[in-house]
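Quick note: the coordinates plus some simple rules give every number you see, no bench work behind them. Only a predicted model underlies this, so the values are computations on that prediction, with no experimental measurement involved. Glycine also receives a Cβ, built like all others from the backbone with ideal geometry; neighbour counts cover every protein chain displayed.
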Ligand SMILES: [Zn+2]
């Protein structure tokens with residue numbers, strides 16, 4: 001990599017994980033909404049199998065599973081965007097942030 005800081009010329013840079021965080025958050029929120037629906041579906045299934053306990057476990061499993069899946073998928077997509085599209089760097093010498 002021949003990228004250097006436009007402010008001080010240093011090559012002591014690191015790639016900032018902006019999209020990873022943003023997409024992970026969006027994925028988590030989106031999944032949270034989907035998880036609420038999945039939780040309802042899980043509760044319905046659990047309720048059919050074992051009323052009471054099954055309802056609670058099914059709902060919880062749907063929400064937790066849905067949220068984790070969404071957050072991980074979002075983070076993975078964000079990481080790919082960071083590597084291929086965004087390319088925002090942080091200079092370790094002067095602290096300058098810039099897009100390559
Ligand atoms: Zn710099």
*asked:* Suppose the chain between residue 49 and residue 99 were pulled fully straight at 0.36 nm per residue; how much longer would it get relative to their current alpha carbon spacing?
replied: 12.6 nm
*Rank the residues 3, 55 as a footprinting-exposure proxy: fewest other Cβ atoms within 10 Å of their Cβ go first.*
3, 55
*asked:* As an exercise, use a Förster radius of 30 Å and the Cβ-Cβ distance of residue 34 and residue 88 to find the FRET efficiency, rounded to the nearest 0.05.
replied: 0.55
